[in-house]
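The block underneath contains the structure these notes are about, expressed in structure tokens.
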Number of protein chains: 6
Amino acid sequence: MTIDPHLAKAFDGVTTATITTVLLKKGLRNVWMRGTKPIRSPQQRQIGRAFTLRFVPAREDLATPASWAAPISTRAAIEAMPEGCIAVVDAMGCTDAGIFGDILCARMAKRGVSALITDGVVRDVAGVLGTGLPVWCQGVAAPPSVGGLTFVGWGEPIGCGGVAVFPDDLIVVDDDGAVVIPAALIDAVAAEAAEQERHEGWIMSEVNKGVPLPGLYPSNAEAKARYEAWTKGQ
Amino acid sequence: MTIDPHLAKAFDGVTTATITTVLLKKGLRNVWMRGTKPIRSPQQRQIGRAFTLRFVPAREDLATPASWAAPISTRAAIEAMPEGCIAVVDAMGCTDAGIFGDILCARMAKRGVSALITDGVVRDVAGVLGTGLPVWCQGVAAPPSVGGLTFVGWGEPIGCGGVAVFPDDLIVVDDDGAVVIPAALIDAVAAEAAEQERHEGWIMSEVNKGVPLPGLYPSNAEAKARYEAWTKGQ
Amino acid sequence: MTIDPHLAKAFDGVTTATITTVLLKKGLRNVWMRGTKPIRSPQQRQIGRAFTLRFVPAREDLATPASWAAPISTRAAIEAMPEGCIAVVDAMGCTDAGIFGDILCARMAKRGVSALITDGVVRDVAGVLGTGLPVWCQGVAAPPSVGGLTFVGWGEPIGCGGVAVFPDDLIVVDDDGAVVIPAALIDAVAAEAAEQERHEGWIMSEVNKGVPLPGLYPSNAEAKARYEAWTKGQ
Amino acid sequence: MTIDPHLAKAFDGVTTATITTVLLKKGLRNVWMRGTKPIRSPQQRQIGRAFTLRFVPAREDLATPASWAAPISTRAAIEAMPEGCIAVVDAMGCTDAGIFGDILCARMAKRGVSALITDGVVRDVAGVLGTGLPVWCQGVAAPPSVGGLTFVGWGEPIGCGGVAVFPDDLIVVDDDGAVVIPAALIDAVAAEAAEQERHEGWIMSEVNKGVPLPGLYPSNAEAKARYEAWTKGQ
Amino acid sequence: MTIDPHLAKAFDGVTTATITTVLLKKGLRNVWMRGTKPIRSPQQRQIGRAFTLRFVPAREDLATPASWAAPISTRAAIEAMPEGCIAVVDAMGCTDAGIFGDILCARMAKRGVSALITDGVVRDVAGVLGTGLPVWCQGVAAPPSVGGLTFVGWGEPIGCGGVAVFPDDLIVVDDDGAVVIPAALIDAVAAEAAEQERHEGWIMSEVNKGVPLPGLYPSNAEAKARYEAWTKGQ
Amino acid sequence: MTIDPHLAKAFDGVTTATITTVLLKKGLRNVWMRGTKPIRSPQQRQIGRAFTLRFVPAREDLATPASWAAPISTRAAIEAMPEGCIAVVDAMGCTDAGIFGDILCARMAKRGVSALITDGVVRDVAGVLGTGLPVWCQGVAAPPSVGGLTFVGWGEPIGCGGVAVFPDDLIVVDDDGAVVIPAALIDAVAAEAAEQERHEGWIMSEVNKGVPLPGLYPSNAEAKARYEAWTKGQ
């Protein structure tokens, strides 16, 4: 599930901000996961295919330490994660029970998982930071997942931060948070994103020279001509 | 999936308030679904096995009117509902897109579904009331489900109003809202609930005679003796 | 500003639910105002052009009883309302200060205002009900507007319940709440809405005969043919 | 603790809306309890001295059915309530555990308590309505108080709906909700409230005659003169 | 619109905490903008006159990339900002669409704007930090403003973080967030603030010597005499 | 009130994450205070007995700068704090008025208070950081406590972050936040916590060697045997 080298190249240097603009132009406005932030700052940008996990609320007969040894458990899910995937966890926005702590994050790092994304929180944050796993989450809580959550499975469609995520969608995360690119749209987005980054880079250089915004961003005919001349000179 | 007659009898006259007290004594504190209320007042109490449905957030490429004809659709789910079941719908608490309107509710009523429970809302409320289907929900919104939600399946574990619900759990709904009795605990709850209702009925009659609460509720030895004498006299 | 008779006829019997579906097909998903409900149930459906009012938060030096006599005041705004308009008030969702009480509502009723819509609340609810003015709001609070709000003007673009409303947009309100039809889209919506209502009416009659949903709603070729035959017979 | 007859007379017909306006003119903006509403509509207006109760969050070692027999219990608190008081209960806005059910409300009604006010909810709503006790609350939940709350005492300063309430403050509740008049300000408020009601009654009669609002409400010199002439004629 | 040198001097070293205390003594309790925080820590304190901008919610027919070239656009607003002003942006607390990204912030920095304050969020945070513009906001989101917001104008009264802000009010921002000083009160606040800072500095030095708080803060007659003696010695 | 040396030793190196797991196994799920975070990162872990303080909402006649000199004041409470205690402050989650600023925190540091924990916020954050007092809170606000809160006492049961805290309960705070150990359970928790830390340390070392999670965490018979062999070798 490691991402194709050509995709990695196509999205090289493309920010989540740019991806949301490209998707909005295609009519998709709800692709950025609310509430999830880098656990350390700065944290290396990541890109990978989504491996989904799903929790429902805790019920005292289900959400017990004993459940950790059941066949459908977070442990089993982690062993099913392919190298290079990004684990996306639907915790229903729960902020008072940590979905994973240092031990589970250490195992994910060992297995080569690229990142953990959740609309919930993690626990034992000092230990989690020690594992080196890149994590995007809402924050930190001491209680174990069974204090608020019951794990029910992996590889299913989920919601995370108010966004629908399906297995194998492409996930990109950086300092602005996490965005999903639906699997069917990956190539179309790749085709436009790099050009948009280049255009915005040129606009930024113009602004730094003191050019006012109207006519420049978005560009009128004159500015477009100057940009095209510049691109030819590259 | 119509409920066994002996269960219907065991829970006859047992309120959701009593069920939550019995379950709390067994260590289950999270069994009442938050936010879901009767759509009309009063609305007939219902009891039945849970038939679960699940939504994730809307994504413009998925949540379209065209999706209504897909094999995994709310329409197909409704055709799979057995007579006497209670449909429990995980709408993630979304209050700005109606999960179902009058047409879908009319079909559920035709199929003999006992009730619709959701932590979301319904639409076309005048029409929904006209179908006669008993509904518990958070309220009403005009927009269709695809305005905020994507339907992903039925017969799975879900969260509804912050409570875990599994297929075939027992659901009881009345004016206090909706509670879940885990399938494995149904008989144990049935055994205690009727007795607790009878005891509380006697306490209420004592209060109406002017007996103060301390010693009566909960009952000390003297009150217990009086209650036992009364029960023998019944 | 009374609505054109041909518009009133075009939207006759068209629900807010239908309007949101028509607008969603045109790419507009955010047209239903969150949180605002009829103050009495049932309350007569209303349709009219938007007359907008805007509040900002209270500041003790501005939001005083003395401000009620200022040139820019809610009183002056009411005197500027044309007959048949629908007043739409941006209260920023504030639920602990009533925007208007019985006296202001009585004056609006006198002036022939069709309805008052707000994402805030009203005060002196018994008196407001007495005026007969149709009101959609979030509820009721005793304190005066100056307890939480400062009035700043009318006839401007506003947000109401998370929706953008511009002066002269068309507003329709019924038991499902309030929707906005952007002024430029009114005719296009009118053209489709009545046909959709008729189609859904036919589907409902089919459901009542026991026809299952798949193939019927949305309609496959066979169902479409039956519908067309039916429409010819009307 | 029954309210003085002269106070009952001074506040006769004075709405909570009017009281909040009078208190705002004295610099008190935070006197209306958020979220608490009449449990039936309409419900008779009530006035009485505050008898306060206080909950903290549930902790499983404390909030148990066994706690109901402890010396500091809701039962003991109810037996301490004087006739004519208004019980004001700080439930920290908790909406998923009912503070009281039918038995406790029945006992309060027996003891002549005028009303129960809370920023929480009640349980067994059908039974509570049957007791006839006037109740203002946020709604209804099936679970018992110990599912979410631990009772810790009575007769203390509390918060209720975001408002500070001290024992013996005066409470007035009507369809607009509940307001507190600090004990030290009762006479000052009484002196102004009745006059304000009379003045607003006259303004309403003017509005009903078709008089526009500017100059009338608030009144300019001419309108004041007409009002004074009218009051002399009464 | 650069602030007068005498004002800059009068507020030199005066914290937002002190300003809120001075304004509270004058009866203004609602002057601190909720939710807005420095984007970097620490971030240089700023002071300047308010230049206001206003958004309403997104509507798909209005909030499009095409709108960025309209006459009423964020670009045009930025070109109207005078050197030394503080831009205060009413984003209605929206946290899932960035009001501005790196290009717009770069232009603001070029124009000598002192700071950007909003109750919304910014996007492309790495780029924004690179511009050096001091920013106070609720956080970060990848999507563009048109994903959630429609820009409607500048130079109007707005709400920001639950506080009313008018053009030309004085804004002070530091690590405790942003406060507004109404234009009419600037001189009165300036007169008291510096003295209060000096007094609190002396109290702090007393605390550091081990003096207990009662009698010192607030100061009784003895402490006041010691403070006055100290001030004379300065 | 300094903690017993044997307790300090028993909890040496025990994280709040471990304590919540131990308490959950004893049936206590609600012991972690929501929303309160270290004011600096990292911040030294603290342990101590709870000294409780309680606020109710602000009322303008009560919450004034003058109140700071009253016998029941935050100043008097601070003078009553024993060395080594942890002050736990119920601010009802209020985030727009700082409970304490630099002067009060400086005095607490002088008195040897181990930490300040609140579900509210502090003010003058630069000054507070300068005092060196370890603080866990929801954030920062400029306004004084009287802008939103009225102090009513100390040494009472309180709620903090949705958790019940009684005087003399044991409080442990670290980077994961704050947990309460009920006074009656301290020894039982101490007995298990150190062993659990040791066990999890061994599991972490196994994960670092590449051992998969199933069978290891939780441990099956084989893993238990290996762990026991390891412990004997220590």
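The values are calculated or read from the model by the stated rules, or taken from the named source; none is laboratory data. These numbers come from a predicted model, not from an experiment. Cβ: placed from backbone, ideal geometry, glycine included. Neighbour counts: every protein chain shown.
A few points about this structure:
- Listed conditions (1) surrounded by 24 or more Cβ atoms within 10 Å (Cβ to Cβ); (2) more than 8 Å from every other protein chain (Cβ to nearest Cβ); (3) under 16 Å from the mean Cα position of the chain (by Cα); (4) not basic (Lys, Arg) are all met by C:PRO134, apart from (1).
- Within the range D:194-214, the set of residues being buried (at least 16 other Cβ atoms within 10 Å of the Cβ), within 23 Å of C:THR74 (Cβ to Cβ) and more than 7 Å from chain C (Cβ to nearest Cβ) comprises D:GLN196, D:GLU197, D:HIS199, D:TRP202, D:GLU206, D:VAL211.
- Among the conditions (1) at pLDDT 95 or above; (2) within 7 Å of chain A (Cβ to nearest Cβ), the only one that E:MET92 does not satisfy is (2).
- Verdict on E:LYS232 being free of Cβ contacts under 8 Å to residues at least 24 places away in the same chain, farther than 25 Å from E:ASP169 by Cβ and more than 13 Å from chain F (Cβ to nearest Cβ): yes
- Summed over the range D:61-82, the residues that are touching a residue at least 40 places away in the same chain (Cβ under 8 Å), loosely packed, with under 15 Cβ neighbours inside 10 Å, within 21 Å of F:PHE166 (Cα to Cα) and hydrophobic (A, V, I, L, M, F, W, C) give a count of 1.
- Matching residues in the range A:25-49 - criterion: being touching a strand residue (DSSP E or B) at 6+ places or on another chain (Cβ under 8 Å) and facing another protein chain (nearest Cβ under 8 Å): A:ASN30, A:VAL31, A:TRP32, A:ARG34, A:LYS37
- Residue match in the range B:43-52 (condition: in a loop (DSSP other than H, G, I, E, B) and either over 18 Å from the mean Cα position of the chain (by Cα) or under 27 Å from A:ALA164 (Cα atoms) (or both)): no
- Of the residues making up the range D:149-164, those that are of a type outside the set (Ser, Thr, Tyr), at the interface with another protein chain (Cβ under 8 Å from one of its Cβ atoms) and surrounded by 20 or more Cβ atoms within 10 Å (Cβ to Cβ) are D:PRO157, D:ILE158, D:GLY159, D:VAL163, D:ALA164.
- The single residue among A:ALA58, A:ALA8 that is modelled with pLDDT of 95 or more and either over 21 Å from A:LEU133 (Cα atoms) or surrounded by fewer than 17 Cβ atoms within 10 Å (Cβ to Cβ) (or both) turns out to be A:ALA58.
- Filter result for C:PHE55 (within 23 Å of E:VAL163 (Cα to Cα) and not charged (D, E, K, R)): yes
- Given (1) outside any helix (DSSP H, G or I); (2) more than 22 Å from C:LEU24 (Cα to Cα), number of the condition B:MET92 does not satisfy: (2)
- Evaluation of D:ARG107 against the conditions (1) more than 12 Å from chain B (Cβ to nearest Cβ); (2) out of contact with any strand residue (DSSP E or B) (no Cβ under 6 Å at 6 or more places or on another chain); (3) basic (Lys, Arg) shows that the sole unmet condition is (1).
- Residues being more than 22 Å from the chain's Cα centre (by Cα) and in a loop (DSSP other than H, G, I, E, B) - total across the range B:62-85: 7
- Any hit, the range F:200-210, residues being in a loop (DSSP other than H, G, I, E, B) and over 31 Å from the mean Cα position of the chain (by Cα): yes
- Yes/no for D:GLY98 being in contact with a strand residue (DSSP E or B) (Cβ under 6 Å, 6 or more places away or on another chain) and within 13 Å of chain B (Cβ to nearest Cβ): yes
- The condition of being hydroxyl-bearing (Ser, Thr, Tyr) and facing chain B (nearest Cβ under 10 Å) holds for only one of D:THR18, D:THR52, D:THR64, that being D:THR64.
- When residues of the range A:165-179 are limited to those that are touching a Lys or Arg at 6+ places or on another chain (Cβ under 7 Å) and not in a strand (DSSP E or B), the one surrounded by the most Cβ atoms within 10 Å (Cβ to Cβ): A:ASP176
- Look at (1) at pLDDT 95 or above; (2) not in a helix (DSSP H, G or I) and you find that E:TYR217 fails only one, number (1).
- Members of the range D:13-42 that are part of a loop (DSSP other than H, G, I, E, B) and either free of Cβ contacts under 8 Å to residues at least 24 places away in the same chain or within 12 Å of the chain's Cα centre (by Cα) (or both): D:THR15, D:GLY27, D:ARG29, D:VAL31, D:MET33, D:ARG34, D:GLY35, D:THR36
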